Amino acid sequence: MAWLQQPLLREYDKGEKKMGTVNLTIQERTARLELNRPEVLNAMDENMLRELKKALDEINGSSAEVVIISGSGRGFSAGGDIKTMLSSADEGAFFEIMDVISDIILTLYTMPKLVISAIHGPAAGLGLSFALAADYIAAHEQSVLAMNFIGIGLIPDGGGHYFLEKRAGEARAKQLIWSGEKLDAAGAKHAGLIDEIVQGDMVSAIEDLAGSWLKKPVKAMIETKSIYTAANKERLLDMLAREKEGQYKMRQTLDHQEGISSFIEKRQPVFTGK
């Protein structure tokens, strides 16, 4: 379908910044943030994560009230860039980038803005955690969502545990994490991971949603969000810290090494539980 070959959001001449792996447009009361590594399904490498942090900090300090997050090309995000991030033996770099991820998620979750994740195509792993940090999640009918860290012997990060539990409940969250199950849009809606399935023109649907919110008492909506985030912030911080510690431990396992090797070699992994 043609929509899969195009960036989700239209081009805007005013207020647009191209940061390389991230496109940011702030126009009047709306900010539009687009992940921009379409050649690798917007997989998140260190450079993209650092640019995301800068972009979110800029949005947070702006007058925008509604934020739309999307991905360019054929999907939202395939997750962390395994080849450049997870195969690194530099543990110092690992802890630093995990802190960047935590900053991104905390900023996204707590910013006094109304945040919409607009998912098309794949949203997996860290990409899904990032999408779930939004206030409202819309997914095109042909989207595929998966918390697929298990395939390389890792656990979710980016607050994945926290957001899955909040939306699906602990029991279903564990099932999704342990299985790495791929959910189509209908399955994701049934599980509570998304709020809306979009059929047809994704751009128009998201713009209409943002426009409808801007016609409401936005300050009251943001105040409600602030009450919830203030009450939940410490738990999210605790989850992020536990994910960093747990991810470090999993990186030392033979199963993780096998998961990375099998991914690079494009074969089925043989896990031993070690």
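Miscellaneous remarks
- About the centre of its Cα atoms, the chain shows a dipole size close to 320 debye [charges on the beta carbon of Lys, Arg (+1) and Asp, Glu (-1) only; nearest 20 debye].
- Share antiparallel - DSSP beta bridges, the chain, percent rounded to 5: 35
- For the chain, the mean residue ellipticity at 222 nm estimated from helices alone is -15000 deg cm²/dmol, where every DSSP H run of n ≥ 4 contributes -39500 (n - 2.57) and the total is divided by all residues, rounded to the nearest 500.
- Averaged over residues, the count of other Cβ atoms within 10 Å places the peptides 60-72, 262-274, 121-133, 186-198 in the sequence 121-133, 60-72, 186-198, 262-274, highest first.
- Rounded to 5, the percent of DSSP beta bridges in the stretch 38-143 classed as antiparallel: 0
- Computed in the context of the full set of protein chains, the accessible area of the chain at 1.4 Å probe radius has 53% of its extent on carbon or sulfur.
- Solvent-accessible area per residue, Å², over the chain with all protein chains present [probe radius 1.4 Å]: 46
- Ordering of 169-179, 31-41 by packing is 31-41, 169-179, highest average first (other Cβ atoms within 10 Å, averaged per residue).
- Potential lengthening between residue 171 and residue 57 on full extension [0.36 nm per residue; Cα-Cα distance subtracted]: 37.6 nm
- Between the helical axis of 218-251 and the longest alpha-carbon principal axis of the chain there is an angle of about 10 degrees.
- Ordering of 222-233, 153-164 by packing is 153-164, 222-233, highest average first (other Cβ atoms within 10 Å, averaged per residue).
- Cut-off under 5 Å, modelled amide H: who pairs with residue 67 long-range: 31, 114, 115, 116
The values are calculated or read from the model by the stated rules, or taken from the named source; none is laboratory data. Owing to the predicted nature of the structure, the values given are computational and were not obtained by experimental measurement. Positions of Cβ are backbone-derived with ideal geometry, glycine not excepted, and every protein chain shown enters the neighbour counts. Heavy atoms of the whole protein, side chains included, go into the accessibility calculation; ligands, DNA and RNA do not. Shrake-Rupley method; radii C 1.70, N 1.55, O 1.52, S 1.80 Å.
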